[in-house]
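For reference, the structure is listed below as structure tokens.
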Amino acid sequence: MKVFRAMFSVMLLASFFCSTVTIANSSITDDYPDLEPLTLLVSGEDISPMHLLAYRAVKVAMQKLGFQHGDSNILVLTDAGNPIIADKYPTACCLDALTLISGCSKSKGNLVVVQRSKWLPLWFAFYSRDTGMCVYVQANSAILASYMDAWEETEDKLSIQQAFMNLPDEEVFEKIAVENISAELLLSKPEAWHEKMENKVFGGNEFSIITIAACWDKGLPYELLKAAELHNHICPGLTSGVLIIKYLDQHLPIEEVGQEYVILAVPPWCKDDAFQAVYDSTVGKRKMTVMMLSKQQIKQLPEEAKNVAGIYVKWDKSEGKGYALVLAFDWDKACNISGIERAWFKDFKSYKWWYARLKMDLILQDYIDSPEEFVTTVMEFPINSSSELTSLRLAGVNPYVELGLMPAPQPEVKTITVEVVPAWAYAAIAILALALIAMIAAYAKRKAQ
């Protein structure tokens, strides 16, 4: 009996030990083996609810679009890496999960991460080139924050992972939408899509998603892709910047390591984000100066400079000198070729504002390698010293006046207003004076008597 009891105790301890080892070695990847690629970057225990959110976004899209890992006809767009959940949980790790689970990547050109403010919602969009269909999912920030809080506070990571994975999709994502966004459909039936845009079917990110997806369909050039990530959408203004970049690459190319572009964005528009993204000519690095032009100042420009885009300087840091081009972009020609009116860009009460932009986006993309169709040189000149360059960039200086392209403002003439005394006042004064003289004369006469 004692031997039996001893054997039972040994078996119980062995069973407990084995179960303990099994629990200790268990991982969320045991229940979800397709999470395994993530373990290339983090251990199974370190797969957080943030990773799992992106994983679930991919799974929702795969189910609704019917694609598999590595499908080159799928484009993923997201603002992951920019929002901060509850102002304390960065979202950059979502990008690891997106890449490893979907097979889409920045190197393949089918993962586009757009710039957004840190307080805006976290979202993911999946576009199929084959069908034109797009799946949009937007994270439920409150739910995600609560699970990240629990994740940070507990040592039992597996229980939090499992609980998060057991949530229904409708709790994890506050918005799930599926729409056909093929450019052909949108341009042929703009009224129908405009109603959906007004209803914010993609959480207010409709314009970003439809323009980038449409241009990606045509084969998004590197420069336009880089610019779109910073600008968070593609519009003709941004594309004009890429065309100017292509023009400068041909007519004022960087030829040595010590050279760089210094840009005077006068006037500024969307184009200038392209120079910051592609050339690294940023305001903070003092490689870009931004100045506005009033309508009156634009009217004073010569005809060939009415569409002036800015002053572009190839600066040689080692020699302390450079060469500059004043360039213009022909918007009238762009509108004519696109078959739209320039006024449509400001028609925000109808579909025309986005229709005009989307249509021109696609047409201008055909001219990426022929920038001379729209970009022209208005003026070119050497800059012989850093002081010459600085003289064009100082506050209060109009560089086009300095270059003689615009007349100098005339000094304000102060006028002195002199009040004119009306004629009737003089007559009244004369009558009063005569009356006073008569009174004095009468008084003097009485005194003499």
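The values are calculated or read from the model by the stated rules, or taken from the named source; none is laboratory data. From a predicted model like this one, the values you see are computed outputs, not experimental measurements. In this analysis, Cβ positions are derived from the backbone assuming ideal geometry, glycine residues included, and neighbour counts consider all displayed protein chains.
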Which listed residue is surrounded by fewer than 17 Cβ atoms within 10 Å (Cβ to Cβ) and in contact with a Leu (Cβ under 6 Å, 6 or more places away or on another chain), from SER105, SER146, SER159: SER105
Would you mention how many residues in region 277-295 are surrounded by 21 or more Cβ atoms within 10 Å (Cβ to Cβ) and more than 14 Å from LYS226 (Cα to Cα)? 2
Pull out all pairs, ordered by first then second residue, where Cβ-Cβ is under 7 Å, the residues are six or more apart or on different chains, the first lies in region 91-104 and is closer than 16 Å to THR39 by Cβ, and the second is in a helix (DSSP H, G or I) and of a type in the set (Phe, Trp, Tyr). ALA97/TYR55; ILE101/TYR55
Selection status of TRP216, in the same structural domain as TRP353 (by TED's automatic domain parsing) and modelled with pLDDT of 95 or more: no
Is it fair to say ILE74 is at pLDDT 95 or above, within 21 Å of ASN232 (Cα to Cα) and β-branched (Val, Ile, Thr)? yes
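A quick yes/no check of all residues on (1) modelled with pLDDT under 95; (2) touching a Ser or Thr at 6+ places or on another chain (Cβ under 9 Å):
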position	(1), (2)
GLU341	no, no
PHE345	no, no
ILE363	no, yes
ASP366	no, no
PRO371	no, no
VAL375	no, yes
LEU405	yes, no
PRO411	yes, no
ILE416	yes, no
If a residue has to be in contact (Cβ under 8 Å) with a residue 12 or more places away in the chain and either under 14 Å from ASP71 (Cα atoms) or of a type outside the set (A, V, I, L, M, F, W, C) (or both) to count, how many in region 106-138 make the cut? 18
Conditions (1) in contact with a strand residue (DSSP E or B) (Cβ under 6 Å, 6 or more places away or on another chain); (2) surrounded by 18 or more Cβ atoms within 10 Å (Cβ to Cβ); (3) more than 30 Å from PHE207 (Cα to Cα): number failed by PHE374: (3)
Can you give me the number of residues within region 301-310 that are buried (at least 18 other Cβ atoms within 10 Å of the Cβ) and of a type outside the set (A, V, I, L, M, F, W, C)? 2
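Out of all the residues in region 168-205, which are in a helix (DSSP H, G or I), in contact (Cβ under 8 Å) with a residue 60 or more places away in the chain and not small (Gly, Ala, Ser)?
ASP169, VAL172, LEU186, LEU187, PRO190, GLU191, TRP193, HIS194, MET197
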Lone qualifier among VAL60, VAL3, VAL10 - being modelled with pLDDT of 95 or more and either touching a Gly at 6+ places or on another chain (Cβ under 8 Å) or on the phi < 0 side of the Ramachandran plot (or both): VAL60
Please pick out the residue among LEU185, LEU144, LEU230, LEU167 that is out of contact with any Ser or Thr (no Cβ under 8 Å at 6 or more places or on another chain), aliphatic (A, V, I, L, M) and more than 24 Å from VAL58 (Cα to Cα). LEU185
Restricting to region 217-276, and then to whatever is farther than 20 Å from VAL112 by Cα and of a type in the set (Val, Ile, Thr), can you tell me which residue is surrounded by the fewest Cβ atoms within 10 Å (Cβ to Cβ)? VAL257
Whether any residue in region 58-74 is surrounded by fewer than 16 Cβ atoms within 10 Å (Cβ to Cβ) and closer than 20 Å to ASP149 by Cβ is what I want to check. no
Set LYS196, LYS200, LYS189: member being surrounded by fewer than 19 Cβ atoms within 10 Å (Cβ to Cβ), in contact with a strand residue (DSSP E or B) (Cβ under 8 Å, 6 or more places away or on another chain) and over 17 Å from CYS270 (Cα atoms): LYS196
